[in-house]
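Peer 1: First the structure, then my questions, so here it is.
What follows is calculated from the coordinates using simple rules that are stated; it is not laboratory data. From a predicted model like this one, the values you see are computed outputs, not experimental measurements. Ideal geometry is used to build each Cβ from the backbone, glycine not excepted, and the neighbour counts take in all protein chains shown.
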Amino acid sequence: MVARYGGEEFAVIVPDTDLKGATVVAEEIHKAIRELGIPHSQSEVALVVSLSLGVTTMVPVPEQSLETIIVAANKLLYQAKESGRDRVITG
């Protein structure tokens, strides 16, 4: 399931998938967008649309808030942006 989460952010939920599998999905998404070569003339980073992805997983338990995984993924996303953008960071 893919959902917009904020202005330029999206969440991809892949049930029953470990970190290795989620990373494969993220890398496939990253590659597919790069191959589209969508022009991005207003970007200061790249001439085409690029993606920074933060990937994490969790096994839900009643005592754990959904906010936990959102915070973790967001932290990884910003690590991807701060380390040069247009990459997949996992954790």
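Peer 1: Taking the stretch 75-91, which residues are surrounded by 12 or more Cβ atoms within 10 Å (Cβ to Cβ) and either without any contact (Cβ under 8 Å) to a residue 24 or more places away in the chain or in contact with a helix residue (DSSP H, G or I) (Cβ under 6 Å, 6 or more places away or on another chain) (or both)?
Peer 2: Taking the stretch 75-91 first, the residues surrounded by 12 or more Cβ atoms within 10 Å (Cβ to Cβ) are 75-81, 85-91.
Selection gives Lys75, Leu76, Arg87, Val88, Ile89, Thr90, Gly91.
Peer 1: To continue, here is another question. Given the criterion aliphatic (A, V, I, L, M), free of Cβ contacts under 8 Å to residues at least 40 places away in the same chain and loosely packed, with under 10 Cβ neighbours inside 10 Å, identify the matching residue among Val71, Val59, Val24, Val2.
Peer 2: Val59
Peer 1: Go through the stretch 5-21 and give me each residue that's assigned to a loop (DSSP other than H, G, I, E, B), surrounded by 13 or more Cβ atoms within 10 Å (Cβ to Cβ) and hydrophobic (A, V, I, L, M, F, W, C).
Peer 2: Across the stretch 5-21, the qualifying residue is only Val14.
Peer 1: Could you check, for the stretch 32-47, whether at least one of its residues is on the phi < 0 side of the Ramachandran plot and in contact with a helix residue (DSSP H, G or I) (Cβ under 6 Å, 6 or more places away or on another chain)?
Peer 2: Step one: filter the stretch 32-47 for residues on the phi < 0 side of the Ramachandran plot, giving 32-36, 38-47.
Next, only the ones that are in contact with a helix residue (DSSP H, G or I) (Cβ under 6 Å, 6 or more places away or on another chain) stay: none.
The answer is no; no qualifying residue exists.
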